[in-house]
Amino acid sequence: MKKTLALVSLLVLALACAAPPTNRDLATETNRNANLAAPAALTMTEADAIAKEKAIWETIKVKDYEAFGSMLANDQMEVVDVGVHDKAASIAGVRDFEPSEVVFSDWKYVQIDKDAFVVTYNANMKGKYKGKEFEPQSVRASSAWVARDGKWMAIFHQECPVKPAMTPAATPATSAKPMASPSTAPMAAATAGADPVANEKAVWDLIKSKNYDGFASMLAADFVEVEPDGVYDKAGSIKGVQMFDASKAVLSDFKSANIDADAAVVTYVSTIPGMAPKGERHSTIWVNRDGKWQAVLHHGGTPVAAPAPASASPAPAAAAPKASASPATKY
């Protein structure tokens with residue numbers, strides 16, 4: 001009898017151990033497995049973003065080109081005066097650039113989405129380019145970073161020279177603004193999609209037609225515009241496009257790349273009669289927020305320059321060291 005009771009007790013214990021788990025047990029196990037399988041989300045603060053940007057400049061300063069390359073995404077895009085560089089060209093370019101001093105200021109940070117951010121800033125530089133001292137330079141820069149495979153990578157960079165702000169007195173306010181009468185332009189809501197090239201063309205069409213309400217609808221609330229004469233928020237950009245005649249602008253040389261599933265960058269050349277003779281390089285970052293694509297960054301004003309000739313010519317460098325020794329690329 002005792003043996004029978006002991007046997008029954010063992011069977012009950014075994015069945016209890018083998019009993020199906022409760023809903024709470026299943027939820028706990030599922031959450032534990034999910035936490036083990038999913039990589040930890042990368043977070044970013046403004047201070048961290050600025051530190052990363054400074055760190056990539058430091059690799060150039062100490063000539064650690066391997067570390068520099070490791071911080072660039074494979075599809076990295078750098079917009080410089082002579083063209084648009086890929087990762088390999090960016091790495092090759094910084095080998096000619098030897099900064100002895102870089103002073104940063106006027107930082108701005110914008111979270112593009114959960115996996116990407118952009119920083120804009122001013123950089124005052126001294127140093128050598130291709131072994132020759134260049135005159136101290138001041139540039140406005142913007143860089144976009146993206147989280148991939150558990151690491152933040154630089155995917156976009158552009159600079160333009162710092163120029164003094166345009167004086168409002170140069171053009172009477174009454175002569176420039178009345179022609180921008182919004183009432184004569186179509187007020188239909190403007191929409192953007194996943195194609196950054198199409199979005200950019202649509203923006204310029206809105207500006208050309210003086211549909212400034214439509215233009216405003218294409219910009220995110222935290223939109224930032226970087227130009228040689230300053231850095232502008234959304235309101236400043238809307239006001240700025242009413243200050244010049246874009247009706248004869250010609251856009252060309254479009255290139256685009258995805259930053260992540262919800263963000264993309266497009267770069268191109270804009271040529272307007274009476275302005276930069278060879279045109280300017282412009283870039284815009286577009287982001288999908290809550291199902292609506294909007295521009296979050298625009299960087300313009302990088303003058304187009306002819307690529308350096310393939311054959312080495314010592315005469316120009318000797319004759320005009322200040323012009324030829326200016327660094328065409330930083331990163």
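Return the residues of region 269-296 that are closer than 13 Å to CYS160 by Cβ and among the aliphatic types (A, V, I, L, M); say none if nothing qualifies. Passing the criteria: only ALA276. Scanning region 197-239 for residues that are assigned to a strand (DSSP E or B) and not charged (D, E, K, R) returns LEU219, ALA220, ALA221, PHE223, VAL224, VAL226, GLY230, VAL231, TYR232.
Any residue at all in region 133-144 that is basic (Lys, Arg) and either farther than 13 Å from VAL231 by Cβ or not in a strand (DSSP E or B) (or both)? There is no residue in region 133-144 that is basic (Lys, Arg) and either farther than 13 Å from VAL231 by Cβ or not in a strand (DSSP E or B) (or both). May I ask you to verify whether ASP290 is acidic (Asp, Glu), over 23 Å from VAL119 (Cβ atoms) and free of Cβ contacts under 8 Å to residues at least 40 places away in the same chain? Taking the combined requirement at face value, the residue satisfies it. Scanning region 217-224 turns up no residue that is more than 23 Å from ASP113 (Cα to Cα) and β-branched (Val, Ile, Thr). Each residue in region 97-117 was checked for being crowded, with 16+ Cβ neighbours inside 10 Å and not in a strand (DSSP E or B), and 1 of them qualify.
Each reported figure results from applying straightforward, stated rules to the coordinates on display, with no laboratory input. All of these numbers come straight from a predicted model, not from anything done at the bench. Note that we place each Cβ from the backbone using ideal geometry, even for glycine, and neighbour counts take in every protein chain shown.
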